[in-house]
Amino acid sequence: MSITYIPVELRRQVRAEVGQRCGYCQSTEVITGIPLEVEHIIPESLGGKTVQENLWLACHSCNKFKGNRIQFADPLTKKMIPFFNPRTQNWSKHFHWNLDGTLIIGDTPNGRATIEALRLNNEYVVKARCAWVIAGWHPPID
Ligand SMILES: [Zn+2]
C-alpha cells in the first residue's frame, strides 16, 4: 500500500506541538540519538487522514510494532481494546514507571493493550533505560 508523503510544514507543526518524546514509550530523540517518526494515529490503511489531528510522534520501535493496527488484546481480560491515543489521552493516566524506572506499567485496558502490542518493555529498550537511569536521564519528570 502506498504511503502518503507528509509535507515538511505539517511535520514541523507536529514536532512543534509534540516536542521530542515518543507518544507511547516516552523515549526522547535526545537520549536515543534516533529521530522520532511522524506517525498516523489511525493508520492510512484504516482510513486515517494525513492531517495534524491524526499525527503524533513515535520512536521507530513503537511505530514499527504498531504497524497498521489500532487495537490489541488487554492481557488481563483478553478483550480487544483500542491503543492509547497520545493526542486525546493523558499518558500518566494510563501508564506509570516501575520503581527503578525501567518498565512501563499499564494502569488501564488501553495502557496494557498498548504495552503488549508495541512491546514497550522489550529487552532492548529496558537495557537502554537501565543506562539512562544511571546517567540520571530517566524516567522523564513532568
Ligand atoms: Zn516509543
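So which residues in region 64-110 are farther than 22 Å from residue 48 by Cβ and open to solvent by less than 30 Å² (accessible area, probe 1.4 Å)? Give the steps one after another, and end with the answer.
Restricting attention to region 64-110, the residues satisfying the condition of being farther than 22 Å from residue 48 by Cβ are 74-79, 92-93, 95-108.
Those that are farther than 22 Å from residue 48 by Cβ and open to solvent by less than 30 Å² (accessible area, probe 1.4 Å): 74, 95, 101, 102, 104, 106, 108.
Can you name the number of the only condition in (1) in contact with a Pro (Cβ under 9 Å, 6 or more places away or on another chain); (2) at pLDDT 95 or above that residue 29 fails?
Residue 29 satisfies all of (1) in contact with a Pro (Cβ under 9 Å, 6 or more places away or on another chain); (2) at pLDDT 95 or above except (2).
What are the residues in region 31-68 that are within 14 Å of the ligand (Cβ to nearest atom) and either basic (Lys, Arg) or part of a helix (DSSP H, G or I) (or both), if any?
Correct list: 31, 32, 60, 61, 62, 63, 64, 65, 66.
For the structure I just gave you, tell me whether residue 77 is among the β-branched types (Val, Ile, Thr), more than 25 Å from residue 133 (Cβ to Cβ), touching a strand residue (DSSP E or B) at 6+ places or on another chain (Cβ under 9 Å) and assigned to a loop (DSSP other than H, G, I, E, B).
Numbers: among the β-branched types (Val, Ile, Thr): yes; more than 25 Å from residue 133 (Cβ to Cβ): yes; touching a strand residue (DSSP E or B) at 6+ places or on another chain (Cβ under 9 Å): no; assigned to a loop (DSSP other than H, G, I, E, B): yes.
Spelling it out, it is not the case that residue 77 is among the β-branched types (Val, Ile, Thr), more than 25 Å from residue 133 (Cβ to Cβ), touching a strand residue (DSSP E or B) at 6+ places or on another chain (Cβ under 9 Å) and assigned to a loop (DSSP other than H, G, I, E, B).
I'd like to know if region 118-127 contains one or more residues that are touching a strand residue (DSSP E or B) at 6+ places or on another chain (Cβ under 7 Å) and either within 14 Å of the ligand (Cβ to nearest atom) or modelled with pLDDT under 95 (or both). First the steps, then the outcome.
Of all residues in region 118-127, those touching a strand residue (DSSP E or B) at 6+ places or on another chain (Cβ under 7 Å) come to 120-121.
Pick out the ones that are also either within 14 Å of the ligand (Cβ to nearest atom) or modelled with pLDDT under 95 (or both) and you get 120-121.
Scanning region 118-127, I find at least one residue that is touching a strand residue (DSSP E or B) at 6+ places or on another chain (Cβ under 7 Å) and either within 14 Å of the ligand (Cβ to nearest atom) or modelled with pLDDT under 95 (or both), so the answer is yes.
Can you tell me which residue in region 3-30 is least open to solvent (accessible area, probe 1.4 Å), limited to those that are more than 10 Å from the ligand (Cβ to nearest atom) and in a loop (DSSP other than H, G, I, E, B)?
Per the criteria, the residue is 6.
The values are calculated or read from the model by the stated rules, or taken from the named source; none is laboratory data. A quick note: this is a predicted structure, and the numbers were derived from the prediction, not measured. Because the Cβ atoms are built from the backbone with ideal geometry, glycine has one as well, and the counts that use them run over all protein chains shown. Please note that ligands, DNA and RNA were not included when accessible areas were found on the heavy atoms of the full protein model with its side chains. Shrake-Rupley method; radii C 1.70, N 1.55, O 1.52, S 1.80 Å.
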